[in-house]
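Only one structure is covered here, and it is reproduced in the block below.
Computed from the coordinates by the stated procedures, all read-outs in this text should not be read as laboratory data. Nothing here was measured: the structure is a model prediction, and the numbers come from that model. Neighbour counts are summed over all protein chains in view; Cβ atoms, including those assigned to glycine, are modelled from backbone coordinates with ideal geometry.
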Amino acid sequence: MVEVSVDIEKCNGCGTCVDVCPVSVFEIKEVEGYEGKKSVVVNQDDCIVCRSCEVQCEQQAITVTE
């Protein structure tokens with residue numbers, strides 16, 4: 001099973017993960033307790049482990065674990 005996680009503390013809400021993910025695992029949303037929008041995992045089961053999100057995230061906020 002694949003686990004995709006976003007470190008909300010590191011995420012700046014740039015949306016790169018949304019843009020590079022071929023299967024729409026992420027959405028940019030308001031997260032309670034944080035200012036501005038952040039990336040959240042909404043379709044983890046659809047992840048194909050291409051790791052594009054992990055590699056492209058400039059903040060190194062995304063981890064994909066198999």
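Of the residues in segment 32-42, how many are in a strand (DSSP E or B) and within 14 Å of residue 5 (Cβ to Cβ)?
Of the residues in segment 32-42, the ones in a strand (DSSP E or B) are 37-41.
Checking which are within 14 Å of residue 5 (Cβ to Cβ) leaves us with 38-41.
Result for segment 32-42: 4.
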Cβ pairs under 6 Å, 6+ apart or interchain, first in segment 40-66 and free of Cβ contacts under 8 Å to residues at least 12 places away in the same chain and within 10 Å of residue 17 (Cα to Cα), second aliphatic (A, V, I, L, M) and crowded, with 17+ Cβ neighbours inside 10 Å, ordered by first then second residue, are 54/62; 54/64
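Rundown of residues vs (1) at positive phi; (2) surrounded by 15 or more Cβ atoms within 10 Å (Cβ to Cβ), yes/no style:
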position	(1), (2)
3	no, no
12	no, no
20	no, yes
25	no, yes
33	yes, no
40	no, yes
43	no, no
46	no, no
53	no, yes
Mind checking which residues of segment 43-66 are in a loop (DSSP other than H, G, I, E, B) and more than 9 Å from the chain's Cα centre (by Cα)? 43, 47, 48, 49, 50, 51, 58, 59, 60, 66
Complete set of residues in segment 13-31 that are under 11 Å from the mean Cα position of the chain (by Cα) and assigned to a loop (DSSP other than H, G, I, E, B): 13, 14, 15, 21, 24, 25
